Amino acid sequence: MRSAVLLLNADYTPIKVLSWQRAMVLLIEEKVNLVSAYADMAVRSASASFPFPAVVVLRRYASFAQRVKFNRQNVLARDEHRCQYCGFQPRKTSGAPKLEALTIDHVVPRAQSALGRVVLPWSGKRVAVTCWENVATACVDCNTKKADRTPLQAHMPIRRWPRVPTQWDVLWMAVHWYDVPSEWKDWLPEDSPWREYWEAELES
């Protein structure tokens with residue numbers, strides 16, 4: 001969606017997605033500088049025309065300690081809408097994630113909990129049964145096959161151990177709903193776990 005604006009911190013790391021209206025307010029208030037504009041678009045008033053912002057950068061560095069709400073939608077987004085066991089990534093014909101084909105799996109199952117808590121075998125940490133660190137995205141078939149077992153017990157290696165979202169996960173959760181514009185591409189970290197998805201969207 002080419003009306004969204006990518007916000008960069010003062011060190012030019014991407015941190016957030018803004019509406020174009022909010023970006024224009026920040027530009028007028030001189031809190032950000034324009035980095036890139038959409039070439040064939042403009043913001044017009046009764047007496048003037050302005051470049052339509054695509055990427056803006058904060059003039060002053062800001063710390064962003066973003067907490068992500070723990071819910072089904074955000075767990076699926078953290079895991080790139082991909083089954084963490086078989087790698088299946090269901091899509092609609094439009095290319096959007098097919099959410100109804102995915103489920104949330106308790107990596108250490110509830111049946112093996114004690115007083116509502118489980119011990120994570122990969123870290124030894126004791127956590128609530130339902131939390132960021134003990135749930136993962138799974139397709140229906142894998143969730144049924146795994147049943148009330150751990151990945152080791154079910155002989156189903158997990159692609160990536162579940163985790164509390166990082167800064168890059170937070171950004172991914174914001175941008176995955178958009179048809180990512182080419183103007184944003186240069187500001188992606190090369191080592192991002194979702195770089196492959198981003199570039200596939202651009203190519204399509």
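In segment 107-162, with Lys and Arg counted as +1 and Asp and Glu as -1 at Cβ, which of these residues, Q112, S123, P157, has the Cα nearest the positive end of the dipole, that is, farthest along it? Of the candidates, S123 comes out farthest on the positive side. If the cut-off is 23 Å between C-alpha atoms, which lysines fall inside it for K69, apart from same-chain ones fewer than 8 positions away? Output for K69: K16, K98, K125.
The ranking of C139, C83, C131 by Cβ neighbour count inside 10 Å, starting from the fewest, reads C131, C139, C83. Karplus-derived 3J(HN,Hα) values for segment 7-20, using 6.51 cos²θ - 1.76 cosθ + 1.60 with θ = phi - 60°, are 9, 9, 6, 5, 8, 6, 8, x, 10, 6, 10, 10, 6, 5 Hz; glycine and proline are entered as x. Placing +1 on the Cβ of every Lys and Arg and -1 on the Cβ of every Asp and Glu, with nothing else charged, gives segment 72-154 a dipole about its Cα centre of roughly 60 debye.
Calculate the FRET efficiency for E29 and A101 from the Cβ-Cβ distance with a Förster distance of 41 Å, rounded to the nearest 0.05. Efficiency at R0 = 41 Å is approximately 0.40.
Can you tell me how much longer the chain between S47 and W122 gets when fully stretched, taken as 0.36 nm per residue apart minus their C-alpha distance, in nm with one decimal? List each step's numbers first, then the result.
On the way: separation 75, 0.36 × 75 = 27.00 nm, distance 6.20 nm.
The S47-W122 span can extend by a further 20.8 nm.
Proximity of backbone amide H atoms, modeled 1.01 Å from N, is registered between V43 and F50, F52 at under 5 Å, excluding neighbours fewer than 5 places apart on the same chain. If the chain linking V164 and R110 were pulled fully straight, counting 0.36 nm for each residue of separation and taking away their Cα-Cα distance, it would gain 17.5 nm. Rounded to the nearest 20 debye, the dipole magnitude of the chain is 900 debye, with +1 charges on Lys and Arg beta carbons, -1 on Asp and Glu beta carbons, and the Cα centre as origin.
For the pair C86 and W132, label points projected 7 Å from Cα toward Cβ lie 2.9 nm apart.
Each reported figure results from applying straightforward, stated rules to the coordinates on display, with no laboratory input. Keep in mind the model is a prediction, meaning the values are calculated, not measured. We place every Cβ from the backbone using ideal geometry, glycine too, and count neighbours over all the protein chains shown.
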